[in-house]
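Student: Starting off with a structure, shown below.
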Ligand SMILES: [Cu+2]
């Protein structure tokens, strides 16, 4: 999915004329009565990851990823969503400040898109930057549902101001297919900055003593790919020497953490989760928890044929990568493992600044009960697992107040924490203070702590959860409601 910037600018220049001719149509669109700007159809289809790996799964518009949806910040849009499957669906607009009716989470009260039915929704896109859409149904132990399917697609909301100097944009959607249950995984766990906290390890050990025996199920995958193609299949990213390519990377996995490196090149990270960072930094590799996004510029100054791929040899060998090919070069794509590098969100923050003080602080301790729910791990926040029946616990917030949420992880897993319909500002990560890094997902390291602030400025029920599908389905959720 590569878009030539000059081509886009040419199209944009042609727009005002068409706009003037269809003013009536635009008004009808704003009222939700005209033609939708985008139509998404949920249906079973095939993803050809390679000629030997053709996967049947649920898709948007018969493709993976779903179509790139380009919106303009503040300009109302109408989207029709058709559900051609026989199960009710939810389509979540991840990272946008939309109302409950649109957000796409049944726990908040968004209506389902009925089986063999449709919903027309209308909303004002914001904030600008890289967002995405994905299904938000609860699969529990059914690996043919929810984010285990191919229901994910990128959204780009055009900002009022151009974010930087680059020649071309490339969207990369990282995703695994053919899931199955396993016991024990091999996911990297030691790449986050910060150190484990003894007190949290002690809480974790106590829980482990209570829930002895085998650990809960994990999910493993057979094939991996970028934009629905295994490494070496599909078109390479063709570049020219000196070109600055802006990569928009989305980890659309159901629960995997992903890394990405391009031998001989650095990434200049300009946005995290679509939000410009105060201090853009050059880094040798990227780490993305489930649902995280990174926008980074790569200056193409190292000619050759390269693998832009995951650091995990196993995942890369099963397809997690894409070839970058300089004009005029030939040969087998080259990979070399980068040196170990700690991923530290705070390096993108504003130096020497102090965060605004919160009006209120809430503490949450995360505990895992090994295999406590029919062989699945159960997750508790302050001793409570979320109940899908009673939709509790619910924490009350007041409009206009700034809340500091502190999460203490008494488990060895990394949790990509996600808040719906709001962004948050990181204030403390891995033992370090920070200011100005605004996100909607943040990875919390094993036995570590993270603190972030959010301003209650979008009334309505608001879902918080770990974006690891197994964790959220088995307890790791909570609701915030406005008083
Ligand atoms: Cu989690």
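Student: So, residue 408, is that one closer than 29 Å to residue 128 by Cβ and part of a strand (DSSP E or B) or not? Please lay out each step first, then the result.
Tutor: On the way: closer than 29 Å to residue 128 by Cβ: no; part of a strand (DSSP E or B): yes.
Here the answer is no, as residue 408 does not meet what is asked.
Student: Can you name the number of the only condition in (1) within 16 Å of the ligand (Cβ to nearest atom); (2) in a loop (DSSP other than H, G, I, E, B) that residue 389 fails?
Tutor: Evaluating residue 389 over (1) within 16 Å of the ligand (Cβ to nearest atom); (2) in a loop (DSSP other than H, G, I, E, B) leaves (1) as the failure.
Student: Working carefully through the options 344, 383, find the one that is without any contact (Cβ under 8 Å) to a residue 24 or more places away in the chain and away from the ligand (no atom under 16 Å from the Cβ).
Tutor: Unique residue meeting the criteria: 383.
Student: Would you pick out the residues in the range 452-474 that are more than 10 Å from the ligand (Cβ to nearest atom) and either assigned to a loop (DSSP other than H, G, I, E, B) or in contact with a helix residue (DSSP H, G or I) (Cβ under 7 Å, 6 or more places away or on another chain) (or both)? Write out each step before concluding.
Tutor: At the first step, the residues of the range 452-474 found to be more than 10 Å from the ligand (Cβ to nearest atom) are 452-464, 473.
Residues satisfying the conditions are 456, 457, 458, 459, 460, 461.
Student: If a residue counts only when it is touching a strand residue (DSSP E or B) at 6+ places or on another chain (Cβ under 7 Å) and farther than 21 Å from residue 149 by Cα, which strands (runs of 3 or more DSSP E) contained entirely in the range 32-135 have at least 3 such residues?
Tutor: Values: elements: 38-50, 53-60, 69-72, 77-83, 91-94, 117-123, 129-135.
Those strands (runs of 3 or more DSSP E) span 69-72, 77-83, 117-123.
Student: While we're here: Is there any pair linking a residue in the range 454-483 that is without any contact (Cβ under 8 Å) to a residue 12 or more places away in the chain and over 21 Å from residue 438 (Cα atoms) to one that is within 9 Å of the ligand (Cβ to nearest atom) and assigned to a loop (DSSP other than H, G, I, E, B), with Cβ under 9 Å and at least six apart or on different chains, and which?
Tutor: Matching pairs, first to second residue: none at all.
Student: On to the next question. Please pick out the residue among 442, 427, 435, 394 that is under 23 Å from residue 92 (Cβ atoms), touching a residue at least 12 places away in the same chain (Cβ under 8 Å) and under 23 Å from the mean Cα position of the chain (by Cα).
Tutor: Numbers: 427 fails: under 23 Å from residue 92 (Cβ atoms); 435 fails: under 23 Å from residue 92 (Cβ atoms); 394 fails: under 23 Å from the mean Cα position of the chain (by Cα).
Being under 23 Å from residue 92 (Cβ atoms), touching a residue at least 12 places away in the same chain (Cβ under 8 Å) and under 23 Å from the mean Cα position of the chain (by Cα) holds for just one of 442, 427, 435, 394, which is 442.
Student: Filter the range 417-438 for residues that are within 16 Å of the ligand (Cβ to nearest atom) and surrounded by fewer than 23 Cβ atoms within 10 Å (Cβ to Cβ) and give the result.
Tutor: Residue satisfying the conditions is 419 alone.
Student: Would you be able to say whether some residue in the range 439-450 is over 18 Å from residue 251 (Cβ atoms) and either at pLDDT below 95 or more than 16 Å from the ligand (Cβ to nearest atom) (or both)?
Tutor: no
Student: For residues that are touching a helix residue (DSSP H, G or I) at 6+ places or on another chain (Cβ under 9 Å) and in a loop (DSSP other than H, G, I, E, B), scanning just the range 440-451, find the one that is surrounded by the fewest Cβ atoms within 10 Å (Cβ to Cβ).
Tutor: Only one residue tops the list, namely 446.
Student: Being in contact with a helix residue (DSSP H, G or I) (Cβ under 9 Å, 6 or more places away or on another chain) and either farther than 16 Å from residue 422 by Cα or modelled with pLDDT of 95 or more (or both) narrows it down to one residue among 109, 66, 104, 62; which is it?
Tutor: Values: 66 fails: in contact with a helix residue (DSSP H, G or I) (Cβ under 9 Å, 6 or more places away or on another chain); 104 fails: in contact with a helix residue (DSSP H, G or I) (Cβ under 9 Å, 6 or more places away or on another chain); 62 fails: in contact with a helix residue (DSSP H, G or I) (Cβ under 9 Å, 6 or more places away or on another chain).
When all the criteria are applied, what remains is 109.
Student: Are any residues in the range 411-424 touching a residue at least 40 places away in the same chain (Cβ under 8 Å), closer than 22 Å to residue 197 by Cβ and assigned to a strand (DSSP E or B), and if so, which ones? Quick ask: steps written out before the conclusion?
Tutor: The initial filter retains those residues of the range 411-424 that are touching a residue at least 40 places away in the same chain (Cβ under 8 Å), namely 411-423.
From what's left, closer than 22 Å to residue 197 by Cβ: 411-417.
Within the range 411-424, 415, 416, 417 qualify.
The values are calculated or read from the model by the stated rules, or taken from the named source; none is laboratory data. Computed from a prediction, not measured in an experiment: that's the story for all the values here. Note that each Cβ is placed from the backbone with ideal geometry, even for glycine, and that neighbours are counted across all protein chains shown.
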